[in-house]
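**Q** One structure, as structure tokens, below. Some questions next.
The values are calculated or read from the model by the stated rules, or taken from the named source; none is laboratory data. What you see is a predicted model; the values in this text were computed from it and never measured. We place every Cβ from the backbone using ideal geometry, glycine too, and count neighbours over all the protein chains shown.
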Amino acid sequence: MNLKMESSELEFLELQEKRKKEIVEARMKIIAEAREKAKKLKFYYLLIEIVFTISGYLVLGFMVSWWAVLGLFLYNWGNNLSQSRQRYQDKKNIWTEIWKL
């Protein structure tokens, strides 16, 4: 009887370890899929942002001098880069993790 209980305990421990490994593998798979989705969505976001920005500057370019539009574009681009860097530099949230991917 004692031998039977020990084998049951060993079986239970083996099943428990197997289940832990399955859970870790499933978690890693979900994380990998989420990272791929985040990269894809980040690409689409940047693409849409660039298209809107360029179309806006094209509309402005037909109204005023192209040099003024180019200067405005470079100024705004630098300003947006510095603001986003300051915003996400020290924070620990989901957006900083997404942009790190």
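**Q** Confirm whether Y75 is assigned to a helix (DSSP H, G or I), surrounded by 10 or more Cβ atoms within 10 Å (Cβ to Cβ) and touching a Phe, Trp or Tyr at 6+ places or on another chain (Cβ under 7 Å).
**A** Judged against the criteria, Y75 is not a match.
**Q** Here is a further query. Of the residues Y44, Y57, which is of a type in the set (S, T, Y), part of a helix (DSSP H, G or I) and at pLDDT below 80?
**A** Testing whether each residue is of a type in the set (S, T, Y), part of a helix (DSSP H, G or I) and at pLDDT below 80 leaves just Y57.
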